[in-house]
1. Would you please name the residue that is surrounded by the fewest Cβ atoms within 10 Å (Cβ to Cβ), looking only at residues in segment 337-368 that are of a type in the set (Lys, Arg) and not in a loop (DSSP other than H, G, I, E, B)?
2. Take segment 132-164 and flag every residue that is farther than 22 Å from THR262 by Cβ, of a type in the set (A, V, I, L, M) and modelled with pLDDT under 95.
3. Considering only residues that are buried (at least 16 other Cβ atoms within 10 Å of the Cβ) and under 20 Å from the mean Cα position of the chain (by Cα), look in segment 299-310 and name the one that is nearest to SER481 (Cα to Cα).
4. For segment 58-72, does any single residue satisfy the condition of being within 30 Å of VAL475 (Cα to Cα), surrounded by 14 or more Cβ atoms within 10 Å (Cβ to Cβ) and assigned by TED's automatic domain parsing to the domain that holds ASP46?
5. Please go through (1) over 26 Å from PHE381 (Cα atoms); (2) out of contact with any Pro (no Cβ under 8 Å at 6 or more places or on another chain); (3) modelled with pLDDT under 95; (4) not aromatic (Phe, Trp, Tyr) for HIS492 and return the number of the only condition it doesn't satisfy.
6. Could you tell me whether any residue of segment 364-381 is under 25 Å from ARG413 (Cβ atoms) and without any contact (Cβ under 8 Å) to a residue 12 or more places away in the chain?
7. Could you count how many residues in segment 243-271 are under 23 Å from GLU458 (Cβ atoms) and of a type outside the set (Phe, Trp, Tyr)?
8. Which residues, counting only those in segment 24-48, are acidic (Asp, Glu) and in a loop (DSSP other than H, G, I, E, B)?
Amino acid sequence: MAEDNTPLDTEEENRLIALRREKLGEVRAQREAFPNDFRRQHSSADLEALYLEKDAEELKTLAQQTAVAGRIIRMRGPFVVIQDGQGRLQLYMNNKTLPESQLDELKALDLGDIIGVEGEVFKTQKGELTVRVSNLRLLTKSLRPLPDKHKGLTDTELRYRQRYVDLIVNEESRQVFALRSRILRFIREYFDKLDFMEVETPMMQVIPGGATARPFITHHNALDQDMYLRVAPELFLKRLVVGGFEKVYELNRNFRNEGLSTKHNPEFTMLEFYWAYADYKDLMDLTEDLFRRIAMEVMGSTRVTFQGTEYDFGQSFRRMTMTEAICEYCDASPEDFASDDSVRALADRLGVNAEKEWPQGKLVMEIFEERVEDKLDQPTFVYHHPTAVSPLSRRNEENPELTDRFELYVAGRELANGFSELNDPEDQAERFHAQVAQKESGDHEAMHFDEDYIAALEYGMPPTAGEGIGIDRLVMLFTDSPSIKDVLLFPHLRPQHD
């Protein structure tokens, strides 16, 4: 059996593949090699639920017949272990249990083959639930050998590139993605119970709006125009609020033409929701409740361990302004934010590189991101972001240089971004113009001017609050996964080169 780190084109690997192709050829010469007429009666989980608690004598009396199917993952003498979508099941078969016509098929089996069997359920002397096989069918021949059974698939990059193999041999990977599915299902149930309506908005947009990010560009042949994969659904969701849907959410993909890292993937899953007649404080309360309920009802405890640190979502989340956070973690004082010059001096003292044309708010945000963000370990809401970096957020009534916006940080990572929405069409138009000016000066992430969105606001949008939560990072947290690639079934990777 080839080792997991052996390249597929080695002489040994090719020899094993050639042997399996010979076996497949022998099967083809006798019958349909890939039949699709076998129907199973039970999964491994079904049999465990029905018979695991019964003792050997009870099973002998029942003489329960079954039909099961799965992939061979272990072979030791007459005992074979198969794996299906719910778990593993042991089989017992040899020349005494099988008819003579099937003995050649038995000898031809390899690890990785998918088989269907019929037989009686019993328990071995060690108490293992097992099926004594009386009829065997090879359903799918595996032409490539599985990784070594003791090492599994340990090459991290190969796990990402060949996720299908990773899922076959690594139980931990299957558990991560099963848990991801349960988290998504819970989130939908949570918002449905609060009378939010799930909607779908365009993935391809004429104007990439809703976030400051660099978009992917494509071309629509029939319309003969360039289009953009969406960076966020925000502006379309708020159009729906204008139209009278007062509580909406979307759970879907966004696309941003940015770097790859353990925390970033070019396409990622976001939850975005909008709530009329609510503000950013209502969103913080809801978000805290959502995370707490995911921990309790999906994970089974409010205490979650991520990379060696315990996070208790049963405790109240900390809340602090951005300037308070900078003061606490950077040994700064409120006087450092009194003017452009004092903020620039603070940046110089902290070693934060700043462009000369950056406004004060942009500089404050840069200080926060470079010197504070990764220090916010326990769940913390940071609010009152500068207006200069929040083009869609409502200004704070006491200080128009700040907005009613927050971000949630856990383990030094941003997991959520929400704010009271800007529903003043004239203010929004001015902010769009400022974004266009930044784009013309070379900022590829600045927003376009969206005339139709301004028209929608001119019809009137009620006071609204909206939020986005990064699902991939949330799943990373709850599954103790150090890289975003661990929670994406097929992450984007750099091309392989010979």
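1. Among them, the one singled out is ARG349.
2. LEU146, the sole residue that qualifies.
3. Of everything passing the filter in segment 299-310, PHE306 is nearest to SER481 (Cα to Cα).
4. Yes: one or more hits.
5. Just one mismatch for HIS492, condition (2).
6. There is at least one residue in segment 364-381 that is under 25 Å from ARG413 (Cβ atoms) and without any contact (Cβ under 8 Å) to a residue 12 or more places away in the chain.
7. 5
8. GLU32, ASP37
The values are calculated or read from the model by the stated rules, or taken from the named source; none is laboratory data. Since the structure is predicted, the reported quantities are computational estimates derived from the model, not experimental observations. Backbone-built Cβ (ideal geometry, glycine too); neighbour counts: all protein chains shown.
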